[in-house]
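The values are calculated or read from the model by the stated rules, or taken from the named source; none is laboratory data. Bear in mind the structure is a predicted one, so any value in this text is a computation, not a measurement. For neighbour counting, all protein chains shown are included, and Cβ atoms are generated from backbone atoms with ideal geometry for every residue, glycine included. Please note that ligands, DNA and RNA were not included when accessible areas were found on the heavy atoms of the full protein model with its side chains. Shrake-Rupley method; radii C 1.70, N 1.55, O 1.52, S 1.80 Å.
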Amino acid sequence: MNTAAELKSYAVPKEKLRWVCPDELFDFKCTSEVRPLEEFIGQDRALSAIDFGLKVNRPGFNLFLTGLTGTGKAATVRLSIEEFIKEKEKTAGKKLLPDDWCYVYNFSDPDRPVILRLKHGHGKTFNIDMENLLKILKEKIQKAFESDDYKKQKQRIIEDHQKKHQDAMKSVEKAAREKNLMVEISPMGAAVVPLSDGEPMTRDKFLKLSDEEQKVIEDSRMEMLGRIEETNARHHELEKEMFESIKKIDQKAGEYAISAPFGEIMKKYDEYPDAVSFLKSLREYTLTKIEMFTQPERDQTQPGFPSALQQESFMAFRVNVFVDNSSPDGPPIIFESNPNWFNMFGRVERKAYMGTYVSDHTFIKPGAVQRSNGGYLILNIRDVLQNGGVWEGLKRVIRTKEVRVEDPWEQFGFIAPQGMRPQPMPVDIKIVVMGDGYLYQLLSIYDEDFWEMFKVQADFDHDMERSDKNIKAFTCFIRSCCDEEELLPFDRSAVSRVLEHSARDAGDQERLSARLGPLKDLLIESDHWARESGSGIISGEHVEKAVKEKIHRLDLVAERILRMITNGTLMVDVEGSVSGQVNGLAVYDMGMFSFGRPSRITAKTFLGRQGVINIERESKLSGNIHDKGVLILSGYLGWKYAQDKPMSLSASICFEQSYSGVEGDSASSTELYAILSSLADAPIRQEIAVTGSVNQKGEVQPIGGVNHKIEGFFDVCRAKGLTGTQGVMVPHQNVRHLMLREDVVRSVEEGNFHIYQVKTIDEGIEILTGVPAGQRQTDGTYPEGTINFMVDKRLRELADGIKNFYASSNGKQSHDGDDHSI
């Protein structure tokens, strides 16, 4: 059996069970004396990549940020962009102001609104100027058409026309009288009536005339009717001439009225050729619609719809300030948290009008891409991919450098096509996408365009070195959180406990967690418990209480499993020795909470050639990595014991009372210990739990979750009663990852619990059985009485047994054959 001195040589030194941050490390009493954080913590590689991506202004050099949630990707990239803009403005010696974008009426095709690009703040000014222009035009045109000079000219034209018409009619009437006829004009038309003694001739009198007299009168009457028709035709021509003359003076008056207002606004915007072109077209349009300005406007308080013609005409004067950058004092930084199609690329809204839906250029609304034009757009890749069509639309924007406002549902027939197709907007933006490394790998493999559009990856690490610089930065971060969230100040002991918690989250005594989001939550919870206790400062005990209370809120499942082990429902021995049985350790991941628990692992060996049988695999409860770990056991056994004989072994391995899947190879060394114990018939100490993977050379390899595993077995031993011999055996590489709870460390210091470290399977089997493992001798054998000797002996017996079994079987078959031949 191993002596206490021999076991002590494998024990992990007490000072390595946990990194303790000394309060004396800090030269302040509380964080109020510390400066707020002015730089980023522990993300030098990511910051360098972000800086490179921002400075390279070339197609495709967009940024893809990868890393775990809580590493500060969004906050870091936003601050980096702000710093980059400041440096760029400092170099340029001026503010970098984004342009405004406006949609205006298209006179040649109203369904294709035209987009104008104006300088920073000029979009809103242009809209106001256009509204004022319309008011001025209404006033000036109305005034021009109400002037005495205009009225006189118009009256003169009308009077001239009337005089010419009257003179023509007088000439007709005179000619009619000379032929003893009279012309009568009525709404029904003109009539020529014969006269008798200066009075209209009656019908009876006309019929008493001779046929010749009637014919003369009728011919004269028809002749006069022809002259009347000629006069009427001439009248229509004169009327047309009159209207043309009136139109000319209307045009002249309108030209006079609008020339000054249009001249002023075109002069104001002469630096924008597209705007000047629009204003020229609007000027010509105004002259063709001059009558709209002379008609009285409908009283909007009266029921009924406004004139469609008037509404359509004045629509040309309305400006849609599509993207208004008058408020921002620098390039826009847009973070779109809900990147559906319309929020990303804009939409054309509609309104109900007289039983249908109508739209115009004032109903075009921008999306995140348009609002970030000239600046930066930040997106979460998971949100983008979850919205149909958005990823392809975003790639199209990057590829074409323009964005179209369109409705994707029109092409599927879900809504009636509106026909509105606004002019595409040219874009120049730097796109920053955030996501995890797995999505980045999938996109780079399966999306052929991905590499051409996101050429810069900024990978955020989840932990950082525990250096003096980073410790100081952490302290400054705590001060910043106190200022932002209005928390109580942290004293030195509280800062120490926060740093220790960070090291535990990192899973390494020499590292600190870079996931500042969960750390910020801890600070807020610590502030709560400090205020609950009536304290004016947060101390270490408040941080410890925050940690314990959070665990208590989440550990219901862990508590139930512990209760089931304690009352014997789940069978786990923590005393005694049993052959072929080991306590393995597993971690249960519940999302926001993880905990460890022991599992009984058993192995049975017997005659056969099936090798190592993984019962979990046979029952389809085993993952690929666990299957690999079990297959490695066969390689180790063959290399170690089958150099001079065939491996004739059947061994079944089972996680007892396991009804869910098993994954990972951290129990492979545990399974190997069980097999060796079964072969050597050497009982294993049940008070020692085991974790660690193994390779084919018998070297024990590090695993994850070592703290949870140790604490899980400790909780079971404490619940069943600590004996002073219980403990956990871990790979020696995992010693640096130990950040055990204070109660576990205290128990080890008092000698009630033990942590052992091993490098090889031989060391582990010696601790578990108390029997030397034994080294191979020059003749290939092992010293008698050692574990390896007993295993080798048993394997030789199994090989001989197989050989004898098949030899006797063959001999019996031959004898039976001879009897049959007789």
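What does the accessible area per residue of the range 131-184 come to in Å², with a 1.4 Å probe and no ligands, DNA or RNA counted? All intermediate terms of the calculation are to be shown ahead of the outcome.
Numbers: 3750 Å² over 54 residues.
Accessible area per residue, the range 131-184: 69 Å².
Projecting label points 7 angstrom from Cα along Cα→Cβ for K268 and Q251 puts them 2.9 nm apart. With point charges of +1 on the Cβ of Lys and Arg and -1 on the Cβ of Asp and Glu, referenced to the Cα centre of the range 633-724, which listed residue (A682, H708, G661) lies farthest in the positive direction of the dipole? Most positive-ward Cα: A682. By how many degrees, between 0 and 90 and to the nearest 10, does the Cα long axis of helix 437-446 differ from the longest principal axis of the chain? Between the helix axis and the principal axis of the chain, the angle is about 60 degrees.
Remark on V700: its backbone amide H falls under 5 Å from those of T760, I761, a criterion applied only to residues 5 or more positions apart or on other chains, H modelled at 1.01 Å from N.
When only the Cβ of Lys, Arg, Asp and Glu is charged (+1, +1, -1, -1), the dipole of the chain relative to its Cα centre reaches about 620 debye. Centroid-to-centroid, using Cα positions, the range 683-713 and the range 18-42 are 36 Å apart. How large is ³J(HN,Hα), in whole Hz, for each residue of the range 453-470 in order, when computed from phi with the Karplus curve 6.51 cos²θ - 1.76 cosθ + 1.60 and θ = phi - 60°, using x for Gly and Pro? So the Karplus estimates, Gly and Pro as x, are 10, 10, 8, 10, 9, 10, 9, 8, 7, 8, 8, 8, 5, 8, 9, 4, 4, 6 Hz.
Fully extending the segment from D743 to Q162, taken as 0.36 nm per residue of separation minus the present Cα-Cα distance, adds 197.6 nm. Across the range 144-161, computed HN-Hα scalar couplings (Karplus, 6.51 cos²θ - 1.76 cosθ + 1.60, θ = phi - 60°) run 5, 7, 9, 6, 5, 4, 5, 5, 5, 4, 5, 5, 5, 5, 5, 5, 4, 5 Hz from first to last residue, x flagging Gly and Pro. Of all beta bridges that DSSP places with both ends in the chain, some 60 percent have antiparallel geometry. Treating the beta-carbon of each Lys and Arg as +1 and of each Asp and Glu as -1, no other charges, what is the dipole magnitude of the range 499-644 about its Cα centre, to the nearest 20 debye? Magnitude of the dipole: close to 560 debye.
The mean sequence separation of alpha-carbon pairs under 8 Å and at least six residues apart, normalised by the residue count of the chain, gives a relative contact order of 16 percent.
Per-peptide packing, taken as the mean over residues of other Cβ atoms within 10 Å, places 146-159, 714-727 in the sequence 714-727, 146-159 from highest down. Since only V728, Q155, G517 are under comparison, the one whose Cα sits farthest along the positive direction of the charge dipole of the chain, derived from C-beta charges on Lys, Arg, Asp and Glu, is Q155. Accessible area per residue was computed with a 1.4 Å probe on protein heavy atoms; R776 scores about 110 Å². Let's test the formula: R0 of 41 Å, r as the Cβ-Cβ distance of A260 and R404. What FRET efficiency results, to the nearest 0.05? The pair A260/R404 has a calculated efficiency of 0.60. In this structure V216 has an accessible area near 90 Å², from a 1.4 Å probe over the protein heavy atoms. When L79, L516, L649 are compared by accessible area of protein heavy atoms, the largest-first order is L79, L516, L649, using a 1.4 Å probe.
Going by a ≥ b ≥ c, the root eigenvalues of the Cα gyration tensor, does the range 318-378 fall in the rounded group (a/c under 1.5), the prolate group (a/b larger than b/c) or the oblate group? If you can, show how the numbers build up before the last one.
On the way: a/c = 4.13, a/b = 1.80, b/c = 2.29.
Oblate shape, in that a/c is at least 1.5 and b/c is the bigger or equal ratio.
Relative to the longest principal axis of the Cα atoms of the chain, the long axis of helix 211-268 lies at roughly 40 degrees. Remark: accessible surface ordering of H528, H737 (largest first) is H528, H737, probe radius 1.4 Å. To put it simply, the accessible area of the range 683-822 at a 1.4 Å probe is 49 percent carbon and sulfur. Ligands, DNA and RNA aside, F655 has an accessible area near 20 Å² when probed at 1.4 Å. Relative to one another, the C-alpha centroids of the range 631-658 and the range 474-500 are positioned 54 Å apart. Taking a point 7 Å out from the Cα of Q643 in the direction of its Cβ, the residues of the range 699-716 whose backbone N falls within less than 16 Å of it are 699. Per residue, the range 336-377 exposes an accessible area of 41 Å² to a 1.4 Å probe, with every protein chain left in place. Annotation: extensible slack from K351 through A74 equals 95.9 nm (criterion: 0.36 nm per residue apart, minus Cα-Cα distance).
In Å², and per residue, what accessible area does the range 458-512 have when probed at 1.4 Å with the other protein chains present? Don't jump to the answer; show the numbers that get you there.
Numbers: 2170 Å² over 55 residues.
On a per-residue basis, 39 Å².
Once backbone amide H atoms are built at 1.01 Å from N, M434 has L65, L379, N380, I381 as its partners under 5 Å, excluding neighbours fewer than 5 places away on the same chain. Dimensions of the range 1-106 from C-alpha coordinates, computed as largest minus smallest value along each principal axis and given longest first, are 96, 39, 27 Å. In terms of accessible area, using a 1.4 Å probe and ignoring ligands and nucleic acids, L488, L65, L631 rank largest first as L631, L488, L65.
Residues of the range 713-729 with amide nitrogen under 19 Å from the 7 Å Cα-to-Cβ point of M571? The answer is 717, 720, whose backbone nitrogens lie closer than 19 Å to the label point. Just the number, please: Stokes-Einstein D of the range 524-661 in µm²/s, Kirkwood Rh from C-alpha pairs, 20 °C, 1.002 mPa s. This corresponds to a translational diffusion coefficient of 114 µm²/s. Once the C-beta distance of K138 and E223 is scaled by a Förster radius of 35 Å, the resulting FRET efficiency is 0.05 to the nearest 0.05.
For R736, project a label point 7 Å along Cα to C-beta. Then give me every residue of the range 664-702 with its amide nitrogen under 18 Å of that point. Counting only backbone N, you get 693, 700-702.
In the chain, taking the dipole from charged Cβ atoms about the Cα centre, the farthest positive-side position among N752, W101, I364 is held by W101. Rounded to the nearest 0.05, what FRET efficiency do H235 and Q155 give with R0 = 25 Å and r taken as the Cβ-Cβ distance? Could you check? Taking R0 as 25 Å, the efficiency between H235 and Q155 is 0.85. Percentage of Cα-Cα pair distances in the chain greater than 43 Å, rounded to whole percent? For the chain, the share of Cα pairs beyond 43 Å comes to 60 percent. Rounded to the nearest 20, the Cβ-based charge dipole of the range 78-211 about its Cα centre (Lys and Arg +1, Asp and Glu -1) stands at 520 debye.
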